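Read the figures in this text as sums done on the coordinates, not as results from a lab. Computed from a prediction, not measured in an experiment: that's the story for all the values here. Reconstructed Cβ throughout: ideal geometry from the backbone, glycine too, with neighbour counts over all protein chains shown.
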Amino acid sequence: NAGVMQNPRHLVRRRGQEARLRCSPMKGHSHVYWYRQLPEEGLKFMVYLQKENIIDESGMPKERFSAEFPKEGPSILRIQQVVRGDSAAYFCASSPRTKDSRGTGELFFGEGSRLTVL
Amino acid sequence: DQQVKQNSPSLSVQEGRISILNCDYTNSMFDYFLWYKKYPAEGPTFLISISSIKDKNEDGRFTVFLNKSAKHLSLHIVPSQPGDSAVYFCAASPKLTFGTGTRLQVTL
């Protein structure tokens with residue numbers, strides 16, 4: 001019974017390169033959430049997706065960041081032209097229910113992907 | 001704008017004693033509160049939650065108290081065990097807004 005799988009666990013990029021972070025939700029879960037944790041800060045909501053739909057992207061920076069959750073395959077968080085300030089841990093979480101499940105705490109987190117921008 | 005605040009970045013407690021972790025919030029629209037626990041190099045795991053219609057929820061050694069008038073909640077762990085050493089995040093819904101976390105160290 002695999003949990004939420006994120007890869008890569010660690011990613012190093014130079015400024016200006018692209019970073020792609022992948023998330024496979026738990027089996028049977030069709031809702032994915034991405035959070036970012038900057039050093040010395042809490043987890044900040046970025047985006048909430050269902051299969052083929054972005055439900056809430058109010059936490060996503062307006063530029064360079066995008067997310068998708070295709071019908072087949074993992075969810076992808078894409079950061080274009082990375083800058084040093086993008087260095088952070090990016091956590092993916094999944095849930096089996098609707099958006100309201102965020103109110104019940106039934107989010108299952110992956111182990112995170114740590115992005116370092118040189 | 002930090003709507004969920006954990007003002008103590010760290011806490012050290014002796015094994016067997018009570019650990020009290022505090023959390024304050026500013027948004028009166030929050031209606032559900034959660035605590036997550038996080039070990040290094042792992043994702044957060046859900047610990048306990050409380051609805052805004054309650055003032056207390058207990059699960060084994062863990063109890064969460066909610067004071068709506070003060071916009072304050074706390075997590076009590078008793079007795080504390082070394083395995084409880086982790087970072088604890090308070091979160092509030094809707095939108096699951098997280099605090100900055102409190103690092104709990106339970107010493108022998």
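Things to note:
- Among the lysines of region B:28-80, pairs at least eight places apart or on separate chains and with Cα atoms under 20 Å apart come to 5.
- Within chain A, longest stretch clear of exposed GluC sites (Glu not before Pro) (DSSP loop, no more than 12 other Cβ within 10 Å): A:73-118
- Taking every C-alpha pair closer than 8 Å and separated by at least 6 residues, the mean separation divided by the residue count of region B:63-108 gives a relative contact order of 31 percent.
- When you restrict to C-alpha pairs under 8 Å that are six or more residues apart and normalise by the size of chain A, the relative contact order lands at 36 percent.
- Extending 7 Å from Cα along the Cβ direction at B:E42 and again at A:S66 yields two label points whose distance is 3.6 nm.
- In terms of its alpha-carbon gyration tensor, the protein assembly as shown comes out prolate; a/c meets the 1.5 threshold, and the first ratio a/b outweighs b/c.
- Taking region A:17-71 and dividing mean pair separation by its residue count, relative contact order in percent (alpha carbons under 8 Å, at least six apart): 24
- Inverse mean reciprocal Cα-Cα distance (Kirkwood Rh) of chain A, Å: 14.1
- Distance between region B:1-34 and region B:40-71 - C-alpha centres, whole angstrom: 9
- The alpha carbons of chain B stretch over 40, 27, 21 Å along the principal axes, in descending order.
- Loop-located trypsin sites (Lys or Arg not before Pro) in region A:55-85 (DSSP state not H, G, I, E or B) with no more than 13 neighbouring Cβ atoms inside 10 Å: A:K62, A:K71.
- Modelled spin labels at A:K51 and B:K54, positioned 7 Å past Cα toward Cβ, are 3.3 nm from each other.
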